[in-house]
Structures are given as C-alpha cells and as structure tokens.
C-alpha cells in the first residue's frame with residue numbers, strides 16, 4: 001500500500017506543548033525577527049525548534065545540521081518521546097477559527113517521484129528545484145528522526161474526514177500554538193481497517209496513470225526524503241529494503257475539498273536596488289490577465305497570461321532571466337500580499353502580487369500539464385501552515401520495544 005498506519009513519537013507527558021510545537025521551517029524566510037521572537041518564546045525548553053533547520057538560516061550558519069542531529073540523540077537518550085502506533089486524526093484550528101482535518105500516516109517513497117513528467121501515484125504539484133536539495137539532504141543524512149511538515153492532498157468529494165471525526169477516539173494531545181498559529185488537537189483513530197480500505201481505493205483509482213495523492217506542502221521535504229532513501233537503498237538487501245524505516249515518510253493527509261483549506265498565491269519580492277525590474281517585466285510579459293507590481297510605493301498593473309498556471313510560469317521565467325542578467329539581484333517568496341509589500345518596502349525591492357490557482361482544478365491541472373512552477377500556490381496563510389509535533393524514527397539504530405524507544409540490541 002502507498003499509505004500505511006504510522007509509528008510516531010509524541011512528546012512525553014509534562015512537556016510544554018506550547019513551546020514544543022513550531023511552524024514549518026520554510027516559512028517567514030525574509031523575516032528573521034519571527035524566528036528570533038520564537039527563540040525567545042521557546043526559551044531553551046524542549047522544542048521541535050531544536051530538531052529542524054529554519055530556512056531563514058540556510059547558508060548563513062555553520063554546524064547547525066550536526067547540532068540538530070545531536071539534539072535528536074539527546075532527546076532519544078533522555079526519553080523525551082512516547083511511542084504511538086496507529087493513525088492520528090489532526091484537528092487544526094486555523095488563525096481565522098476554521099477547523100482543518102488531517103490524518104497522520106506514512107507514505108511509501110517507492111511510489112513517489114518528484115520529476116516533472118512523473119506518472120507515479122504520489123505526485124509533486126510543484127517543480128522541485130534540485131539545486132535546493134543538497135543542503136537539505138546533508139541535514140537529513142545521518143539523522144535518527146524525521147519531523148516533516150509535509151501535507152499530502154487527496155481529491156475526495158465525500159465526507160470521509162468528517163466520518164473519521166465522528167469515530168475519533170481518545171485525545172492524544174491538545175495545545176494552543178505559539179506565534180498566532182491557532183490550535184492543534186490530535187485524536188487516536190482505532191478504525192485502521194476502514195482507513196486502509198479507503199486509502200487502497202484511492203490507490204486503485206489511480207492505477208492507470210492517475211494521481212492518488214498530491215504533495216500540497218513540503219515538496220522539497222518529501223523530495224529530500226526520497227533522495228536520502230535512494231542513497232540508503234543501495235546499501236540494503238532486498239529483504240531489508242522492504243522493512244527499512246527510511247523507505248517511508250511521515251505526512252499529514254488532507255482533503256483538497258476541506259472547506260478550511262484555502263489556496264493562496266505565493267508572492268515574490270525581487271530585490272533590485274535600481275528598481276528597474278518592473279520595466280524589465282513589462283517589456284517581456286503580455287496577455288489578457290494582469291498582476292500588480294509595486295516598487296517605491298508605486299503600483300503598476302502588468303499584463304500577463306490569463307491562465308494562472310501559464311502566468312505563474314511566465315512571471316517566474318522573467319524573474320529568473322532578470323537575476324541571471326543581474327547577479328546582484330535576488331528573489332524571495334512571501335505569503336500574504338501585505339507582508340510582500342512590507343518586505344519590498346523595508347528591504348528595497350519590487351513586490352509582485354501573483355495570480356491564484358484554484359484548488360478545485362489542482363489535480364486535473366497537474367495530471368494534464370505535469371508539475372506546476374515552483375512556489376505556485378500556498379495552502380493558507382503562513383501562520384496556518386503545519387506545525388511540527390510528531391516525530392518518527394528513520395534509522396535502524398533505534399526501535400520501539402515494550403512501549404519505549406531503545407537502542408537496537410538493548411532489548412534486555
């Protein structure tokens with residue numbers, strides 16, 4: 001099966017969950033003050049912040065990857081985790097008060113390929129920038145745990161998630177989320193057979209080149225897991241390939257039809273000291289659609305392709321071309337139009353307010369044209385992104401034995 005019931009690690013009783021759970025590492029990459037404030041909130045308490053690499057620091061700090069691996073070993077040694085076997089229903093209260101439902105599960109990396117022309121049943125929705133993988137691979141390589149922020153989408157038009165909510169078991173965790181992230185509650189799900197049969201049905205429905213599951217958030221996180229698995233696989237026997245924990249990756253499965261799941265465009269800021277990107281773009285873009293570009297407080301409406309997917313691809317191509325011709329320039333990807341305009345004004349650049357791809361057309365769009373351009377859409381505003389909470393063992397050095405996490409070979 002593509003999807004299976006997970007073996008996860010939850011923080012032990014007594015952990016301050018408000019400090020434990022932090023937002024996905026790829027958020028607020030142009031706002032280091034967010035992460036500085038978060039460090040003050042955590043204030044040295046046990047936290048997933050010690051187990052992840054905020055991308056705002058990528059390429060700017062040395063030795064952080066090894067520090068993360070050391071923290072993982074320490075947390076395991078200090079018995080910070082309690083094992084849990086089985087699907088978990090995640091009830092996320094977003095910042096606007098709406099509830100988004102998801103299922104924690106493991107996805108088989110053998111059924112996934114991030115290449116643009118892939119026909120695998122687990123499909124990337126956006127182009128994977130291969131050049132961005134090595135630093136992420138270096139962080140994951142040798143790590144004992146994974147804490148992915150991957151949100152996998154299924155295109156179901158029934159009430160399955162609501163049905164699971166009615167069948168939910170005991171509460172496993174519940175906490176408000178720091179930095180304005182809302183709230184998250186996890187429930188035990190004991191209807192494993194029912195979920196397995198449903199997931200198998202989605203898999204069978206995609207048998208002829210269709211998409212069973214699409215990566216909504218965490219494209220590069222899942223691609224990194226895949227790349228590391230391909231490395232590990234070369235060292236294993238055929239039998240160990242079937243059972244090695246790194247073959248699977250932890251994710252949250254969400255229905256693309258969930259009313260609380262709102263697609264938002266991911267805007268761009270081009271840092272152009274001379275402020276000439278708008279002129280450059282206006283000379284190269286055309287069409288019956290339009291997008292707003294803002295520089296120096298001046299707003300301009302630039303004609304673009306009327307089809308959002310084509311418009312995004314064309315705008316991105318122009319950005320890439322501009323940076324190639326102007327090596328001193330750079331680009332960042334920002335959630336929220338207001339934040340985008342503020343970043344551009346504060347740091348000196350051009351804000352580009354991007355077109356929106358609707359969630360109703362996502363699966364058909366990816367199936368017909370392949371992966372979308374990178375950073376084509378976002379599932380909700382930045383603070384509604386997945387917060388790290390659950391962890392999972394991805395090495396053979398540790399195992400779950402008698403409801404504890406132990407070093408392999410220490411069963412006695």
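When only alpha carbons are used to place a centre, the range 359-401 and the range 223-288 end up 7 Å from one another.
Once divided by 2.2 N^0.38 Å, the Cα radius of gyration of the range 266-355 becomes 0.96. When only alpha carbons of the range 1-135 are considered, Rg and Dmax amount to 17.3, 47 Å.
With the simple spin-label model, which puts each label point 7 Å out from Cα in the Cβ direction, the residue 82 to residue 157 separation comes to 4.2 nm. Does the range 104-186 come out rounded, prolate or oblate, given a ≥ b ≥ c as the square roots of the eigenvalues of its C-alpha gyration tensor, rounded meaning a/c under 1.5 and, failing that, prolate meaning a/b above b/c? Oblate, since a/c reaches 1.5 and b/c is not below a/b. Whole-percent P(r), the range 156-312, all Cα pairs, 5 Å bins from 0: 1, 6, 9, 11, 13, 13, 12, 11, 9, 7, 5, 2, 0.
In the elastic network of the chain, a GNM with C-alpha springs shorter than 10 Å, the most mobile of 328, 77, 27 is 328.
Distance between the modelled labels on residue 131 and residue 231, one decimal in nanometres: 2.1 nm (7 Å Cα→Cβ projection).
Based only on Cα atoms, what Rg/Rh ratio does the range 223-329 have, Rh being taken as Kirkwood's radius?
Details: Rg = 21.4 Å, Rh = 17.9 Å.
My calculation puts Rg/Rh at 1.20.
For a modelled paramagnetic label at residue 39, 7 Å from Cα along Cα-to-Cβ, no residue of the range 111-145 is in reach, as no backbone nitrogen comes under 19 Å.
Based on the Cβ-Cβ distance from residue 326 to residue 188, what FRET efficiency comes out when R0 is 45 Å, to the nearest 0.05? Intermediate results must be reported in sequence, preceding the final value.
Details: r = 54 Å, r/R0 = 1.21.
Once rounded, the FRET efficiency stands at 0.25.
Over all distinct Cα-Cα pairs of the chain, the Kirkwood formula returns a hydrodynamic radius of 22.2 Å.
Label-to-label distance, residue 179 versus residue 73, with points set 7 angstrom from Cα along the beta-carbon direction: 2.8 nm.
Per DSSP H run of n ≥ 4, the term is -39500 (n - 2.57); total these for the chain, divide by its residue number, and report the mean residue ellipticity at 222 nm rounded to 500 deg cm²/dmol. Don't jump to the answer; show the numbers that get you there.
Working: 12 runs with 122 residues, N = 412.
For the chain, the value works out to -8500 deg cm²/dmol.
No lab work stands behind these numbers, since they all come straight from the coordinates. Note that this is a predicted model, so its numbers are computed, not measured. Positions of Cβ are generated from backbone atoms using ideal geometry, with glycine treated the same way; all protein chains shown enter the neighbour counts.
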